[in-house]
Amino acid sequence: MIAIDRKLMNIKIKTYYLATEDIRKGDVKAHLIGYAHSLIPKSSLRSFETIQIDLRKDENELLMEMNKTTRRQIKSALERGFTHVIVDNPTDQELMDFQEFYNRFAKDKRTHMFNSYHMQTMKLLRDQNALMLTYMKDKDNNILCYRIYMTDGIVVLNLYSASHFRIVDDRELKRIMSQANRLLIWKSLLWYKEKGQLVYDMGGLTDDENIRKFKLGFGGKIVQAYSGYESKSMIGNIIMKVRDLKLKLLKGIV
């Protein structure tokens with residue numbers, strides 16, 4: 001389990017990642033307690049599905065649990081001579097390079113941008129030696145895809161992934177990017193396995209059938225995870241009520 005402290009407009013927030021045990025709110029000095037990818041069910045938190053892969057299995061067993069398409073793509077990627085780069089203590093500039101790459105991807109996909117709040121979170125995790133940035137390059141040193149991981153020493157969680165697959169029109173380049181992305185996961189998985197980590201977490205399943213199919217192609221098992229906030233003070237209660245109201249307005253409930 002990893003925890004980070006931050007202030008947002010003088011509101012103290014403590015966020016736990018990969019919690020495997022209940023947090024005693026009386027022991028936490030914060031207005032809000034956040035849970036990100038917790039494995040402890042709570043009625044106040046949102047539940048979602050994720051895929052976890054057991055890294056205690058040997059390499060051949062992990063390969064055979066993947067579907068044929070994933071194995072074939074990894075084999076093809078290995079033949080292309082891609083370069084796998086691992087940065088286990090990324091600098092601010094390396095994180096900003098990722099931010100620029102990711103936001104091009106996010107803008108095209110119309111998903112949330114990697115903003116200053118997310119950047120601060122990555123730096124806080126990095127400062128606890130819990131963050132790893134990795135990417136795959138082609139023979140011309142062009143970066144094809146990125147991933148950012150965090151770990152508590154037991155579970156490895158995929159926090160961010162980015163590829164410009166949707167931006168390019170060339171079918172062959174799309175195929176190359178798809179292969180590189182699968183190889184990046186496989187290489188990262190093996191790297192953490194060698195480091196003694198026990199579980200690789202894909203980072204959650206979405207309703208997007210293409211992404212769901214992609215992740216399920218790596219094998220593993222589906223488990224429930226939980227995210228959200230709990231209040232610990234009057235200020236926290238007010239923030240939660242305002243937040244809930246905003247969400248209802250966005251959904252057209254009130």
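The values are calculated or read from the model by the stated rules, or taken from the named source; none is laboratory data. Nothing here was measured: the structure is a model prediction, and the numbers come from that model. Positions of Cβ are generated from backbone atoms using ideal geometry, with glycine treated the same way; all protein chains shown enter the neighbour counts. Side chains included, ligands, DNA and RNA excluded: accessible areas come from the protein's heavy atoms. Shrake-Rupley method; radii C 1.70, N 1.55, O 1.52, S 1.80 Å.
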Based on DSSP H assignment, which helices of the chain show an axial Cα extent of at least 18 Å together with a mean Kyte-Doolittle hydropathy greater than or equal to 0.0? 234-251
Antiparallel content of DSSP bridges confined to the chain, in %, to 5: 85 percent
Among (1) 18.7, 67; (2) 19.1, 59; (3) 21.6, 65, the entry derived from the coordinates for Rg and Dmax of the Cα atoms in Å: (2)
Length added when fully stretched, R175-V87, from 0.36 nm per residue minus Cα-Cα: 29.1 nm
Per the 1/(1 + (r/R0)^6) rule, R0 = 41 Å and r from the Cβ atoms of S43 and N142, FRET efficiency to 0.05 is 0.30
Would you kindly calculate the translational diffusion coefficient of the range 1-70, applying Stokes-Einstein with the Kirkwood radius from alpha carbon pairs, for 4 °C and a viscosity of 1.567 mPa s, and quote it in µm² s⁻¹ without decimals? 87 µm²/s
In nm, to one decimal, how far is the modelled label at Q128 from the one at N67, with both set 7 Å along Cα→Cβ? 3.5 nm
Leading residue at positive end of dipole, the range 1-115 (Cβ point charges), from H37, I53, H84: H37
State the extension gain, in nm to one decimal, for the chain segment bounded by N60 and E194, taking 0.36 nm per residue of separation less the distance between their alpha-carbons. 46.8 nm
For the range 115-193 and the range 59-80, what is the separation of their Cα centres, given in Å? 18 Å
Tell me the relative contact order for the range 1-148 as a rounded percent, counting alpha carbon contacts under 8 Å between residues six or more apart. 17 percent
Semi-axis lengths, Å, the range 11-115, gyration tensor of Cα atoms, sqrt of 5 times eigenvalues: 34, 23, 15
Could you give the nm distance between label points at M119 and K29, where each point is 7 Å from its Cα heading toward the beta carbon? 2.9 nm
What is the calculated FRET efficiency for S76 to M96, with r their C-beta to C-beta distance and R₀ = 30 Å, to the nearest 0.05? 0.40
For the full complex of protein chains and a 1.4 angstrom probe, list W186, W191 by accessible area with the highest value first. W191, W186
For every helix of n ≥ 4 consecutive DSSP H residues, a contribution of -39,500 (n - 2.57) applies; sum these over the chain, divide by its total residues, and give [θ] at 222 nm rounded to the nearest 500 deg cm²/dmol. -12500 deg cm²/dmol
